[in-house]
1. Just to verify a result, which residue in the stretch 165-178, among those that are assigned to a helix (DSSP H, G or I) and surrounded by fewer than 18 Cβ atoms within 10 Å (Cβ to Cβ), is nearest to the chain's Cα centre (by Cα)?
2. Given 17, 32, which one is within 24 Å of residue 252 (Cβ to Cβ) and either touching a residue at least 40 places away in the same chain (Cβ under 8 Å) or outside any helix (DSSP H, G or I) (or both)?
3. Could you please let me know if residue 32 is within 16 Å of the ligand (Cβ to nearest atom) and either assigned by TED's automatic domain parsing to the domain that holds residue 260 or under 22 Å from the mean Cα position of the chain (by Cα) (or both)?
4. Does residue 273 count as at pLDDT below 85, within 18 Å of residue 148 (Cβ to Cβ) and not assigned by TED's automatic domain parsing to the domain that holds residue 86?
5. Run down 222, 237, 158 and say which single residue is surrounded by 13 or more Cβ atoms within 10 Å (Cβ to Cβ) and without any contact (Cβ under 8 Å) to a residue 60 or more places away in the chain.
6. Just wondering, is there one or more residues in the stretch 53-75 that are in contact with a strand residue (DSSP E or B) (Cβ under 8 Å, 6 or more places away or on another chain), more than 11 Å from the ligand (Cβ to nearest atom), outside any helix (DSSP H, G or I) and assigned by TED's automatic domain parsing to the domain that holds residue 104?
7. Tell me yes or no: at least one residue of the stretch 36-45 is crowded, with 18+ Cβ neighbours inside 10 Å, outside the structural domain of residue 226 (by TED's automatic domain parsing), within 16 Å of the ligand (Cβ to nearest atom) and free of Cβ contacts under 8 Å to residues at least 12 places away in the same chain.
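The values are calculated or read from the model by the stated rules, or taken from the named source; none is laboratory data. Keep in mind it's a predicted model, so treat the numbers as computed, not measured. Cβ sites come from the backbone with ideal geometry, for glycine too, and all protein chains shown count toward neighbours.
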Ligand SMILES: [Zn+2]
């Protein structure tokens with residue numbers, strides 16, 4: 001895990017760090033890949049194309065006032081699951097600004113909605129938050145045993161239609177599903193899935209223990225990264241949690257992530273197949 005201690009104290013030093021890590025073979029211009037590039041803190045200049053461009057804009061930070069040091073500190077703290085108060089100290093951002101940035105960073109992650117999971121799948125549902133405060137949500141989840149990949153989504157209730165709607169989207173028909181013996185799971189064979197039911201009441205947890213483990217990790221994740229659980233932030237939180245599971249490489253250092261965002265800016269999406 002990359003640490004704040006690796007960062008240079010000033011913004012120019014941080015920009016140099018970004019360029020050295022994102023362009024290990026040397027910085028090139030975005031139009032014709034010229035290497036005749038002049039680096040300034042606010043812009044880059046290609047002396048062959050005779051054009052300037054903004055590297056911040058290429059990473060999706062074009063309209064922000066954040067310095068390069070703030071950008072790197074924000075990404076590093078977020079990747080390291082620091083609490084909002086600690087990220088505020090590291091970046092100097094106000095609380096509302098920080099919350100907006102965290103939401104933006106989450107939205108820039110791959111959402112994993114493109115492909116359904118297949119093969120042997122474990123499914124389960126979990127309740128998050130407290131009903132007493134009208135702040136509770138039900139999350140449905142599916143885990144692919146072969147790859148460990150997960151898909152999570154908020155569902156309105158645990159009725160058969162809601163569960164089947166979730167699986168329609170995230171589980172290929174013909175997959176073998178392991179689930180608890182809840183009434184809404186019993187009909188899954190009729191809609192084209194293989195089904196193995198286990199009865200939690202009799203201490204028969206084995207077949208779904210990996211998806212059960214996802215819930216305890218999600219609970220800890222919410223507690224660690226939010227001041228408190230808020231239903232309205234849940235879709236973004238789920239997207240981030242899911243991306244951390246499915247693409248751990250994106251959370252090891254800030255530069256891998258910036259490279260992905262750089263590609264996205266130029267019109268290629270490396271996540272079309274995930
Ligand atoms: Zn050029």
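1. First, the residues of the stretch 165-178 that are assigned to a helix (DSSP H, G or I): 165-170.
Restricting the remaining residues to those that are surrounded by fewer than 18 Cβ atoms within 10 Å (Cβ to Cβ) gives 165, 168-169.
On the way: 165: 23, 168: 22, 169: 19 Å.
Ranking the qualifying residues of the stretch 165-178, first place goes to 169.
2. Values: 32 fails: within 24 Å of residue 252 (Cβ to Cβ).
Result of the check over 17, 32: 17.
3. On the way: within 16 Å of the ligand (Cβ to nearest atom): yes; either assigned by TED's automatic domain parsing to the domain that holds residue 260 or under 22 Å from the mean Cα position of the chain (by Cα) (or both): yes.
Yes: the conditions hold for residue 32.
4. Numbers: at pLDDT below 85: yes; within 18 Å of residue 148 (Cβ to Cβ): yes; not assigned by TED's automatic domain parsing to the domain that holds residue 86: yes.
Yes: the conditions hold for residue 273.
5. On the way: 222 fails: without any contact (Cβ under 8 Å) to a residue 60 or more places away in the chain; 237 fails: without any contact (Cβ under 8 Å) to a residue 60 or more places away in the chain.
Step by step, each of 222, 237, 158 is checked, and only 158 is surrounded by 13 or more Cβ atoms within 10 Å (Cβ to Cβ) and without any contact (Cβ under 8 Å) to a residue 60 or more places away in the chain.
6. First, the residues of the stretch 53-75 that are in contact with a strand residue (DSSP E or B) (Cβ under 8 Å, 6 or more places away or on another chain): 53-55.
From what is left, the residues that are more than 11 Å from the ligand (Cβ to nearest atom) are 54-55.
From the residues that got through so far, the ones that are outside any helix (DSSP H, G or I) too are 54.
Next, from what is left, pick out any that are assigned by TED's automatic domain parsing to the domain that holds residue 104: 54.
Taking every residue of the stretch 53-75 in turn, at least one turns out to be in contact with a strand residue (DSSP E or B) (Cβ under 8 Å, 6 or more places away or on another chain), more than 11 Å from the ligand (Cβ to nearest atom), outside any helix (DSSP H, G or I) and assigned by TED's automatic domain parsing to the domain that holds residue 104.
7. Kept after step one, since they are crowded, with 18+ Cβ neighbours inside 10 Å, are these residues of the stretch 36-45: 37, 44.
Still in the list and also outside the structural domain of residue 226 (by TED's automatic domain parsing): 37, 44.
After this cut, where a residue has to be within 16 Å of the ligand (Cβ to nearest atom) as well, the list is 37, 44.
Checking the rest, the ones that are also free of Cβ contacts under 8 Å to residues at least 12 places away in the same chain come to 37.
Yes: one or more hits.
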